[in-house]
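The values are calculated or read from the model by the stated rules, or taken from the named source; none is laboratory data. Owing to the predicted nature of the structure, the values given are computational and were not obtained by experimental measurement. A quick note on method: Cβ atoms are made from the backbone with ideal geometry, for glycine too, and the neighbour counts reach across all protein chains shown. Note: accessible area is taken over every heavy atom of the protein model, side chains too, but ligands, DNA and RNA are not part of it. Shrake-Rupley method; radii C 1.70, N 1.55, O 1.52, S 1.80 Å.
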Amino acid sequence: MKKIVTFAAVFVFILFLTKIANQMPPEPAPGAAFSLKAQKVVQCSSDQITLVDVHGGQTHLEKDESWPDCSEFTAGQVLDLYLSRGEKTHFISVDASPWWRKAM
């Protein structure tokens, strides 16, 4: 009986670890050197952009020609940005942040 209980406990533990591993966030876009999660655009111009995270921290970036037009960023929208570094910041992709990241 003791062996059955031990085996069942190990099996449940492995299932629990598998569930946690499957909840990991997706990998960033290919070629991304870094990502900025849960960011709001507060200032945008043709060569610079300022982002604010949910904790109030500001990030100021110099943009290259790969960035979309500033009109594509709506006020109050929380975004996950995938970027790469160079002389200026290169834009790779953007996704809407999931609801749970906005609440953090």
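Among the listed residues SER71, SER46, SER66, which satisfies the condition of being within 18 Å of ILE92 (Cβ to Cβ) and either assigned to a strand (DSSP E or B) or open to solvent by 30 Å² or more (accessible area, probe 1.4 Å) (or both)?
Numbers: SER71 fails: within 18 Å of ILE92 (Cβ to Cβ); SER46 fails: within 18 Å of ILE92 (Cβ to Cβ).
Exactly one residue qualifies, and that residue is SER66.
Determine if region 74-94 includes at least one residue that is at pLDDT 90 or above, over 13 Å from the mean Cα position of the chain (by Cα) and open to solvent by 90 Å² or more (accessible area, probe 1.4 Å). For region 74-94, residues at pLDDT 90 or above, over 13 Å from the mean Cα position of the chain (by Cα) and open to solvent by 90 Å² or more (accessible area, probe 1.4 Å): absent.
For region 1-42, residues that are hydroxyl-bearing (Ser, Thr, Tyr) and either touching a Ser or Thr at 6+ places or on another chain (Cβ under 7 Å) or at pLDDT below 90 (or both) total 2. Restricting attention to region 54-63 and to residues that are open to solvent by less than 50 Å² (accessible area, probe 1.4 Å) and assigned to a strand (DSSP E or B), the residue that is nearest to PRO98 (Cα to Cα) turns out to be THR59. Within region 9-25, the set of residues being surrounded by 10 or more Cβ atoms within 10 Å (Cβ to Cβ) and part of a loop (DSSP other than H, G, I, E, B) comprises PRO25 only.
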